[in-house]
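J.: Mind looking over this structure? Questions follow.
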Amino acid sequence: MGEDRAWRDFADQHVQEVRQQYLRERVQVSRKEPPTRSPSLSFVSPTSAVPAKWFRGLSIKLQLTVRGAAAVRDSRKAVLIGWWAAAQWGMWFIVPKDQTVEMALPSGYQPSKSKLPPRVRFISNKIREEEIVELDGVRVTHPLRTYVDMCRMGQRTNAWLAAGWLLNRGLSADEISSYAASFEGTMRPNLRRLAVSLPHRAKELTSFPHLLAYALLIDSPVYVRTHCELDEMGHAILLAGNDLVIAVNEDPLWRQLEADPKDKQLARRLRRRERWVASRGFRKLYFTAEEIEADPEGFVSEVLGARHLRRRDLSYW
């Protein structure tokens, strides 16, 4: 899997199209002259601007993909790492609060502070040439190295998501774990154990929404389990405590099924099952993946609050 051609097959096509459009439409600015601000342009690096209307129409993740591509092209040898590399591949990740572009030089050395561009941070990570792939001229770590870097840097939620994405792309849990176990770079023992174990745990959840919710809850005070039978009356992909079902991207009324006349009877049976599960004492919290991504801390807080609410007397007016 070390060859560029094999890894390039992993890249998300839509992300690739956005990156290529950036390369076609970017406006180069001289380093020696201060940039001239224009309402029709958005500066994505000190030397690169793009049409503002196009850039603002992108999702936040795609905007960061463009910013990362622009930043690394301003540096001859730099390589995007961590979730900035993940953005170029189209891997699953959530956007951290600190949106400083993170790169590294293959040598592991830090560049001169006088040459550091704004909103860019260099990490002292050695990277072997076989761990680097060029995507449309943008140098990034390959997906396995990207996953390990997330573990090394303590980005636990994104490490869960990266492992899930790699599994979704066809790598086995054993392949991912073997790479992490044999990784030659420095890594704290507890983080290496994390990198080796995550793929085997992540394979229980195959979708981004459920893996995102689980990754956030597993590192919180909430006790959460996967794939639980609900008193022989249903199945919960995520169960917090003993009675709180976490439903992500689910329609509680199954209205979409009713669009097809053949499935109307099925929708009625599913609604009846939902009512029966509720009558047995199970509660459900419904979220969309977009809600969770937009406010991860709020999601965890809401689930934690619902767990505590169960222990209090309810008042009615």
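J.: Relative to the longest principal axis of the chain, what angle (0 to 90°, nearest 10) does the C-alpha long axis of helix 264-279 take?
T.: For helix 264-279, the angle is close to 80 degrees.
J.: Over all alpha-carbon pairs of segment 123-167, lay out the pair-distance distribution in 5 Å bins, whole %, shortest bin first.
T.: Percent of pairs per bin, in order: 5, 21, 28, 23, 18, 4.
J.: Give the accessible area for Arg192 in Å² (nearest 10); use a 1.4 Å probe, count only protein heavy atoms, and leave out ligands, DNA and RNA.
T.: Looks like 60 Å² after rounding.
J.: Another question, if that's okay. Using the Karplus equation 6.51 cos²θ - 1.76 cosθ + 1.60 (θ = phi - 60°), what ³J(HN,Hα) coupling, rounded to whole Hz, does each residue of segment 125-138 give in order, writing x for Gly and Pro?
T.: 10, 6, 10, 6, 4, 6, 9, 10, 10, 9, 10, 6, x, 9
J.: Normalise the Cα radius of gyration of segment 169-233 by 2.2 N^0.38 Å (N = residues in it) and let me know the number.
T.: Details: Rg = 14.4 Å, N = 65, 2.2 N^0.38 = 10.7 Å.
So the Cα radius of gyration is 1.34 times the expected 2.2 N^0.38 Å.
J.: State the number of lysine pairs found in the chain whose Cα atoms come within less than 17 Å, restricting to pairs 8 or more positions apart or on distinct chains.
T.: On the way: Lys32/Lys115; Lys53/Lys61; Lys61/Lys97; Lys77/Lys113; Lys77/Lys115; Lys77/Lys126.
Count of close lysine pairs: 6.
J.: While we're on this one: If contacts are Cα pairs under 8 angstrom and at least 6 residues apart, what is the relative contact order of segment 38-168 in percent? Present the calculation step by step, with values, prior to reporting the outcome.
T.: On the way: 192 pairs, mean separation 29.9, N = 131.
The value is 23 percent.
J.: Determine the principal axes of the Cα atoms in segment 76-226, then give the extent along each, sorted from largest to smallest and rounded to whole angstroms.
T.: 50, 32, 30
J.: Can you give me the % of accessible surface on the chain that is carbon or sulfur? Probe 1.4 Å, all protein chains present, nothing else counted.
T.: 50 percent
J.: Kirkwood Rh and Cα-based Rg: tell me the resulting Rg over Rh for segment 8-88, rounded to two decimals.
T.: 0.97
J.: How long are the semi-axes of the equivalent ellipsoid of the chain, taking √(5λ) for every eigenvalue λ of the Cα gyration tensor, in whole Å from largest down?
T.: Computed over the chain, the values are 41, 24, 19 Å.
J.: Oh, and also: Taking θ = phi - 60°, what integer Hz values does the Karplus form 6.51 cos²θ - 1.76 cosθ + 1.60 yield along segment 200-214, in sequence order, with x for Gly and Pro?
T.: Rounded to whole hertz, the list is 6, 7, 6, 5, 6, 10, 9, 10, 4, x, 6, 5, 4, 4, 5.
J.: If all Cα-Cα distances of segment 41-154 are sorted into 10 Å bins from 0 onward, what percent lands in each bin, rounded to whole numbers?
T.: Cα pair-distance distribution for segment 41-154, in percent: 14, 50, 31, 6.
J.: 5 Å is the cut-off here: which amide hydrogens, built 1.01 Å from N in the peptide plane, fall below it relative to Ser42, excluding neighbours closer than 5 in sequence?
T.: Answer set, sorted by chain and number: Val50, Ala52.
J.: What FRET efficiency, computed as 1/(1 + (r/R0)^6) with R0 = 51 Å and r the Cβ-Cβ distance, is obtained for Glu129 and Ser301, rounded to the nearest 0.05?
T.: 0.70
J.: Another question about this same structure. Through the Karplus equation 6.51 cos²θ - 1.76 cosθ + 1.60, θ set to phi - 60°, convert the phi angles of segment 60-76 into ³J(HN,Hα) values in whole Hz; use x for Gly and Pro.
T.: 4, 5, 6, 4, 5, 4, 5, 4, x, 4, 5, 5, 6, 6, 7, 10, 5
J.: Tell me, what does the Kirkwood hydrodynamic radius of segment 89-153 come to in angstroms if you use every pair of distinct C-alpha atoms?
T.: Kirkwood hydrodynamic radius for segment 89-153: 13.1 Å.
J.: Which one, Leu217, Leu205, Leu171, has the greatest fluctuation when you compute a Gaussian network model over the chain with C-alpha springs under 10 angstrom?
T.: Leu171
J.: State in Å² the accessible area per residue of the chain; use a 1.4 Å probe, count heavy atoms of protein chains only, and round to the nearest integer.
T.: Result: 54 Å² of accessible area for each residue.
J.: Which three numbers, in whole Å and largest first, are the semi-axes of the equivalent ellipsoid of segment 143-285 derived from its Cα gyration tensor as √(5λ)?
T.: 36, 17, 11
J.: Kindly provide the pair-distance distribution of segment 113-196 built from C-alpha pairs, with 10 Å bins from 0 and whole-percent values in order of increasing distance.
T.: Histogram of Cα-Cα distances, whole percents per bin: 16, 46, 30, 7, 1.
The values are calculated or read from the model by the stated rules, or taken from the named source; none is laboratory data. Keep in mind it's a predicted model, so treat the numbers as computed, not measured. Virtual Cβ from ideal backbone geometry, glycine too; neighbours counted across all protein chains shown. Just the protein is used for accessible areas: all its heavy atoms, side chains included, with ligands, DNA and RNA removed. Shrake-Rupley method; radii C 1.70, N 1.55, O 1.52, S 1.80 Å.
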